[in-house]
Amino acid sequence: MTNLSAFTAALARTGQRRVLVLEGDDAWTETQLARLSAALPGDWLTVSERPQGEQHFLPAAVRTLLGREFTHAVFDARDGFAADALAALAGTLRAGSWLVLLTPPWQRWAAQPDNDSRRWSDRPEPIPTPHFVRHFIACCLEDDAVLHWRQGEPFQLPTPPDGPAWCMASGEPEREQQQVLDALLSLPRGTAVVTAPRGRGKSALAGMLVRRWPGAVLVTAPAKAATMVLAQHAGEGFQFIAPDALVAALQQNTLAGYDWLIIDEAAAIPGPLLRRLLAGFPRVLLVTTVQGYEGTGRGFMLKFCASVPGLRTFSLEQPVRWARYDALERFIAALLLFDDDDFRLRPAGECRIAPLTQRAWRDNPGHIAALYRLLSGAHYRTSPLDLRRMMDAPGQRFAQALAGERPAGERPAGALWLVEEGGLSTALSAAVWAGFRRPRGNLVAQSLAAHGGSPDAATLRGLRISRIAVHPARQREGIGAQLIAWAQANAHPDCDYLSVSFGYTPELWRFWQRCGFTLVRFGSHREASSGCYTAMALLPLSAAGHALAGHEHQRLRRDATWLQPWIDEELPVIPSHQATLNDEDWRELAGFAFAHRPPEACIGSLNRLLLAADLALPALRRWFSGQQQGEEGRKAQVKQLRQEVGLALASLDPERGKALQSNIAALQFF
Ligand SMILES: CC(=O)SCCNC(=O)CCNC(=O)[C@H](O)C(C)(C)COP(=O)(O)OP(=O)(O)OC[C@H]1O[C@@H](n2cnc3c(N)ncnc32)[C@H](O)[C@@H]1OP(=O)(O)O
Ligand SMILES: Nc1ncnc2c1ncn2[C@@H]1O[C@H](COP(=O)(O)OP(=O)(O)OP(=O)(O)O)[C@@H](O)[C@H]1O
């Protein structure tokens, strides 16, 4: 272990960080870990599903470490591989650090269920992840800088890294930081954004702006703990305000005299909230990471920044927390396919559509990796969890639009990712409709049952378009529509529909509409993550699919008058203005009163009940006048609503109410 200390000293001197993989059984691994931490002093952080020691974090808690720094870390992949947590963790390690990765013995790892898969596979039980394990092993073996210590074999350290001594930044702005700072200090008005990968000195730069700006600057971020670096570089002028307090202060007009608002980790703040903040200050600086822990950074660039007029964009390339060509950063980029060099080039030439299956991760990994890179470059939602889903979750299918000369010169210009859904039993689908059951997966199929009017909706089989993206340099050339037409023509004969669930924008809806989709659902509130309403649409393929799409679209039209007041966006359907209670309303109201259907899924029928029945219904009136309280208050209010609606049905038609009640009660046993 003396050699290890010398090696680590060489890492610190050259500004490098390294990966050490410990492959073995639990007892052996624990012994080696104890030896390592005894030999290498410093603050060791452990990320593991198993509780151990003081500096221990569960993978799900690693996000809270953003903005903090550590010397060494252990990432325990023996029970599950939380790829997003690994990416977040790697960014927190200083120059001279080790990232020790614990794996089970490789020969049994591929067949072992991965606990993390429950987060992304839509399966209730953990599943094995052979493609990811294979890819991980290949990344380790291909990279000379990754140290691999296998149980039963001697551990040999290579020669320590050599090279010029690395100097920690002095406290004064680095060259790149200075250039951005000069531009910001002379910005007369408007919005600027600084994006960069981890550890490039973005937060420090924002702090330097606070220190150098002659007037008042306000700083906000999703968590104050993540602004430590910014505060340190800002000095006494640092003034922090939480985003919700900031919105409240803007509404009350109590903020005056601030020249700048700095929003650190801006990608973690929902778009509509950001938009409100931009309007409140003469100058705004948005700071965000473009790669890594969640895919939100690039999405932020793509979706939000494209909509800000006159935005000034800056980026930082040189790492500050570690030296250039750092081995850990390179390993993580290769493992999680962060490198996007391919994406920067325009894929030129005619396109042909070609299918791909998960087998490509074995047979032609370069090909399918290019597809993932296109998705993560062009689609705002793509994250390392998608990479894992794409590799190993069951029921996934892919197609790509390949541009260029066959075969060597071809590159993907468009990517389509499909997921098989539906096929639930009649009883389970009806139990989903009633709100009694919500098994994992089947996003659109279950949502059609749970929020729509057809108890058997989830029995149909669909292919959900999980993602579609066309290279930005090739959009509006018909490639997206070509991919959808391919999916339509190549769907399995027992597939009833293609479906899509998307964050509604009028432009995106126009695309789906042009591809032949029918709108069947529009959410009643904006999603916090995207700031958009969720919309769902179907492209029917079979007679049953046509019937379902037609029925759900008519239902949406019938409910549109009542749904519109909940939504501050024009609903893209023509309301049909029907105010009488029909059989379907009766069934739905019974599903609400005697089962667990949420009120938001019954907005139309509840309103028609108010109009049709000559009853007081005070709780219902209160609900629609918007007098709702917090979570606990809401629960009590919904309970009261259910009772009131049950009584109303019994008083309107006691026989019918009773019959529906007993039918619905039977559903809870499925
Ligand atoms: C499930 C999900 O993935 S939802 C998210 C969809 N993906 C994204 O938002 C990623 C970023 N966007 C993209 O990759 C692309 O813009 C896509 C996939 C949405 C569309 O692909 P494209 O190849 O650009 O669309 P395509 O050229 O086939 O358009 C067909 C028609 O749709 C309509 N359309 C497409 N994009 C737009 C737009 N931005 N605004 C208005 N209409 C549009 C047009 O009518 C167009 O026909 P036209 O150009 O002759 O007028
Ligand atoms: N010019 C500088 N002088 C001294 N230290 C610096 C300078 N720039 C950055 N640093 C330090 O380098 C480290 C990384 O900087 P910073 O946290 O600003 O990077 P970042 O790009 O915001 O990283 P992350 O995405 O991980 O939050 C911090 O410890 C910071 O204090």
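Restricted to region 270-387, the set of strands (runs of 3 or more DSSP E) holding at least 1 residues that are at pLDDT below 90 and among the β-branched types (Val, Ile, Thr) comprises 283-289. Considering Ala593, Ala549, Ala543, the condition of being of a type in the set (Gly, Ala, Ser) and touching a Ser or Thr at 6+ places or on another chain (Cβ under 9 Å) is satisfied by Ala549 alone. So in region 331-351, with the set limited to residues that are aromatic (Phe, Trp, Tyr) and out of contact with any Asp or Glu (no Cβ under 8 Å at 6 or more places or on another chain), which one is surrounded by the most Cβ atoms within 10 Å (Cβ to Cβ)? Looking at residues that are aromatic (Phe, Trp, Tyr) and out of contact with any Asp or Glu (no Cβ under 8 Å at 6 or more places or on another chain), I get Phe343. Only one of the listed residues (Ser170, Ser203) is among the small types (Gly, Ala, Ser), in contact (Cβ under 8 Å) with a residue 60 or more places away in the chain and within 10 Å of ligand 2 (Cβ to nearest atom). That residue is Ser203.
Residue count for region 430-446 satisfying the condition of being surrounded by 22 or more Cβ atoms within 10 Å (Cβ to Cβ) and within 27 Å of the chain's Cα centre (by Cα): 6. Of all residues in region 223-241, how many are exposed (fewer than 14 other Cβ atoms within 10 Å of the Cβ) and modelled with pLDDT of 90 or more? Residues meeting the conditions: 3.
Applying a threshold of 7 Å to beta carbon distances and a minimum spacing of six or more residues, or different chains, the list of pairs starting in region 576-589 at a residue that is free of Cβ contacts under 8 Å to residues at least 60 places away in the same chain and ending at one that is of a type in the set (Lys, Arg) and crowded, with 16+ Cβ neighbours inside 10 Å reads Ser576/Arg557; Ser576/Arg558; Gln578/Arg558; Ala579/Arg608; Thr580/Arg608; Leu581/Arg608; Asp585/Arg608. Looking across region 199-222, just one residue is exposed (fewer than 15 other Cβ atoms within 10 Å of the Cβ) and aliphatic (A, V, I, L, M), and that is Ala216. Would you confirm, using the coordinates I've provided, whether Ala485 is small (Gly, Ala, Ser), away from ligand 2 (no atom under 16 Å from the Cβ) and free of Cβ contacts under 8 Å to residues at least 12 places away in the same chain? Against the criterion (small (Gly, Ala, Ser), away from ligand 2 (no atom under 16 Å from the Cβ) and free of Cβ contacts under 8 Å to residues at least 12 places away in the same chain), Ala485 does not qualify.
Mind checking which pairs have a first residue in region 302-325 that is under 12 Å from Arg275 (Cα atoms) and a second that is more than 16 Å from ligand 2 (Cβ to nearest atom) and of a type in the set (A, V, I, L, M, F, W, C), Cβ under 6 Å, 6 or more apart or different chains? These pairs meet every condition: Cys305/Leu311. With the condition kept exactly as written, say whether any residue in region 26-34 is touching a helix residue (DSSP H, G or I) at 6+ places or on another chain (Cβ under 7 Å) and either surrounded by fewer than 17 Cβ atoms within 10 Å (Cβ to Cβ) or closer than 22 Å to Ala88 by Cα (or both). For region 26-34, residues touching a helix residue (DSSP H, G or I) at 6+ places or on another chain (Cβ under 7 Å) and either surrounded by fewer than 17 Cβ atoms within 10 Å (Cβ to Cβ) or closer than 22 Å to Ala88 by Cα (or both): absent.
Listed by position, the helices (runs of 4 or more DSSP H) enclosed by region 406-521 that each have at least 2 residues that are within 8 Å of ligand 1 (Cβ to nearest atom) are 479-490, 506-514.
Against the condition of a type outside the set (D, E, K, R), more than 15 Å from ligand 2 (Cβ to nearest atom), without any contact (Cβ under 8 Å) to a residue 60 or more places away in the chain and farther than 30 Å from Trp109 by Cβ, how does Ser186 come out, does it pass? In short, yes. Farther than 15 Å from Ala266 by Cβ, in the same structural domain as Trp260 (by TED's automatic domain parsing), touching a residue at least 24 places away in the same chain (Cβ under 8 Å) and in contact with a strand residue (DSSP E or B) (Cβ under 8 Å, 6 or more places away or on another chain), is that true of Gly215? Yes; evaluated as a whole, the condition is true for this residue. Per this entry, Ala360 is not counted among residues that are surrounded by 21 or more Cβ atoms within 10 Å (Cβ to Cβ) and of a type in the set (Gly, Ala, Ser). Picking from residues in region 145-167 that are exposed (fewer than 12 other Cβ atoms within 10 Å of the Cβ) and within 17 Å of Thr14 (Cα to Cα), the one that is nearest to ligand 2 (Cβ to nearest atom) is Cys167. When Trp623 is tested against the conditions (1) without any contact (Cβ under 8 Å) to a residue 60 or more places away in the chain; (2) surrounded by fewer than 19 Cβ atoms within 10 Å (Cβ to Cβ); (3) not basic (Lys, Arg), the lone failure is (2).
Please verify whether Leu101 is crowded, with 19+ Cβ neighbours inside 10 Å and free of Cβ contacts under 8 Å to residues at least 60 places away in the same chain, treating the condition exactly as stated. No, not satisfied.
Residues are listed down the side, and each one gets a yes or a no for (1) of a type in the set (S, T, N, Q); (2) out of contact with any strand residue (DSSP E or B) (no Cβ under 8 Å at 6 or more places or on another chain); (3) at pLDDT below 95; (4) more than 14 Å from ligand 2 (Cβ to nearest atom):
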residue	(1), (2), (3), (4)
Asp84	no, yes, yes, yes
Ala87	no, yes, yes, no
Ala90	no, no, yes, no
Arg94	no, no, yes, no
Leu101	no, no, no, yes
Pro105	no, no, no, yes
Arg108	no, yes, no, yes
Asn115	yes, yes, no, yes
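Can you report the number of residues in region 525-552 which are part of a strand (DSSP E or B), buried (at least 16 other Cβ atoms within 10 Å of the Cβ) and either away from ligand 1 (no atom under 14 Å from the Cβ) or polar (S, T, N, Q) (or both)?
Qualifying residue count, region 525-552: 3.
The values are calculated or read from the model by the stated rules, or taken from the named source; none is laboratory data. Quick caveat: nothing in here was measured; it's all calculated off a predicted structure. Cβ: placed from backbone, ideal geometry, glycine included. Neighbour counts: every protein chain shown.
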